[in-house]
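Shown next, in structure tokens, is the structure this report addresses.
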Amino acid sequence: MRRDARRGSAAIEFAFIAPVFVLFMMGTIEVGAMYMANSVLQKATDDGARLVRTGQAQSATMTQAQFRDYICGRIAAIIPCDSNLQIDMRTYSGFGSAAYTSPVSNGALNASLNSYQTGSAGDVVLVRVFYQWKLITPLIGTLLGNLSNGRHLISATAAFQNEPF
């Protein structure tokens, strides 16, 4: 067998492996970005919940749009503040009476989850923030997409009792 007969075999083998490797790397980066976005969303939700828990939102008569702007200001570097962001805040008399519905209904984000109730001193408040993350990497959408539109729902939650303000 001639020595030159094997020349180019590495290039052919790489041509078989490269698409799988690139897809794997893109998927890894996308999943990492999704987890980072979830972390940023949780931090923004915690910050917004603190405003409500301490009575700052109530004393400033913060509207739903202002609360959304507050959240958006904290996520804008990672998550675009667009129609894919949804905020739901509900008030209960106690932790035992707190009930919440699933955010996903028939494979889509439940559009009715957009309440804004800050409550008063001693009320139990549940703040949920949802974002429909667009998956870019091919095949990742079919693996990680948990909504019927192929997007992945990331969410952040804060449950607390308002302080006596």
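Read-outs: derived from the displayed coordinates by stated rules, not from any lab. Because the structure is predicted, anything quoted here is derived from the model rather than measured. Note: ideal-geometry Cβ built from the backbone for every residue, glycine included; neighbour counts use all protein chains shown.
Only one of 71, 17, 12 is in a helix (DSSP H, G or I) and touching a residue at least 24 places away in the same chain (Cβ under 8 Å); which?
Going through 71, 17, 12 in turn, just one is in a helix (DSSP H, G or I) and touching a residue at least 24 places away in the same chain (Cβ under 8 Å): 71.
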Where a residue in the range 136-165 is part of a loop (DSSP other than H, G, I, E, B) and its partner, wherever it lies, is of a type in the set (S, T, N, Q), with Cβ under 6 Å and at least six apart: 151/132; 163/54
Could you tell me which numbered condition residue 17 fails, if it satisfies all but one of (1) out of contact with any Gly (no Cβ under 9 Å at 6 or more places or on another chain); (2) surrounded by 12 or more Cβ atoms within 10 Å (Cβ to Cβ); (3) aliphatic (A, V, I, L, M)? (2)
Of those in the range 57-68 that are in contact (Cβ under 8 Å) with a residue 12 or more places away in the chain and not in a loop (DSSP other than H, G, I, E, B), the residue nearest to residue 119 (Cα to Cα) is 58
Can you name every residue in the range 89-112 that is surrounded by 10 or more Cβ atoms within 10 Å (Cβ to Cβ), assigned to a loop (DSSP other than H, G, I, E, B) and either touching a residue at least 24 places away in the same chain (Cβ under 8 Å) or touching a Lys or Arg at 6+ places or on another chain (Cβ under 6 Å) (or both)? 93, 94, 95, 98, 100, 103, 107
Would you point out which residue out of 117, 56, 86, 64 is surrounded by fewer than 18 Cβ atoms within 10 Å (Cβ to Cβ), over 30 Å from residue 24 (Cβ atoms) and either within 20 Å of the chain's Cα centre (by Cα) or aliphatic (A, V, I, L, M) (or both)? 64
Which one is farthest from residue 32 (Cα to Cα), of the residues in the range 125-142 that are of a type in the set (A, V, I, L, M) and over 16 Å from the mean Cα position of the chain (by Cα)? 125
